[in-house]
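These notes are about the structure you will find just below.
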Amino acid sequence: GLAGWGTQFIAFDRNPSRIAVGLAKQVRVVYGDGASPELLRAAGIVRPRAIVVTYANDKRCLESTERLRDAFPDVPIFVRARTALDAAPLMRAGATEVVVEAVEAAVRFASLLGSGGDGRARALLLRLQGPAPAPASAGGGRSRGVERGAGTLPPYPRAELEALAAQCGVTLADVCALYDGFAILEPN
């Protein structure tokens, strides 16, 4: 757990049973809304080194990120998101970094299956997890669903996809296949 990382941390929760478990494990845990700058200050946190937001509710993650960013403009804020679609709004709200569960699961499975050991799968997934670009205007260079066999080219400029493939030492088809696999991880 975090206690072994050699860093001080404090957890906030509104679930009394989780508070009890934390206290039993001698974890610094406070009852209340961890997205409340007032509660953080009351708990003695004036200038946190970082803030981690892990609510299960996407809307709550977004609102919390906004409030915490307003209160702590220079503090890194790391936020959990279920899917890549949730990442862009969180970044706009002030998240420093968004950890996308679907991406992390895919990377872990690739590693367990022996295809992620060299880091190429992670590099591709991390580049693809970013917010999708805004739709291009006419002649904007986006691929916009160009057919390529079993699927379509991801909604990014072809030159960017080719550069990504070259950087990772894979083919454009590999990038497209990984994108297709990643897209399947989105919720129904």
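Counting only helices (runs of 4 or more DSSP H) that sit wholly inside segment 1-71, those with at least 3 residues that are open to solvent by 50 Å² or more (accessible area, probe 1.4 Å) and free of Cβ contacts under 8 Å to residues at least 24 places away in the same chain are 16-24, 37-42.
Filtering segment 72-94 to residues that are within 23 Å of E38 (Cβ to Cβ) and either part of a helix (DSSP H, G or I) or more than 14 Å from the chain's Cα centre (by Cα) (or both) leaves F72, P73, D74, V75, L90, A93. Just one of the listed residues (I51, I10, I19) is in contact with an Asp or Glu (Cβ under 7 Å, 6 or more places away or on another chain) and of a type in the set (V, I, T), and it is I19.
In this entry, F78 passes the filter for residues that are out of contact with any His (no Cβ under 9 Å at 6 or more places or on another chain), aromatic (F, W, Y) and closer than 28 Å to P155 by Cα.
Has segment 98-110 got any residue that is at pLDDT 90 or above and in contact with a helix residue (DSSP H, G or I) (Cβ under 8 Å, 6 or more places away or on another chain)? Looking for residues that are at pLDDT 90 or above and in contact with a helix residue (DSSP H, G or I) (Cβ under 8 Å, 6 or more places away or on another chain), one finds none in segment 98-110, hence no.
The values are calculated or read from the model by the stated rules, or taken from the named source; none is laboratory data. Note that this is a predicted model, so its numbers are computed, not measured. With ideal geometry, Cβ positions are generated from the backbone for all residues, glycine too; neighbour counts draw on all protein chains shown. Ligands, DNA and RNA are excluded from the accessible area calculation, which covers all protein heavy atoms including side chains. Shrake-Rupley method; radii C 1.70, N 1.55, O 1.52, S 1.80 Å.
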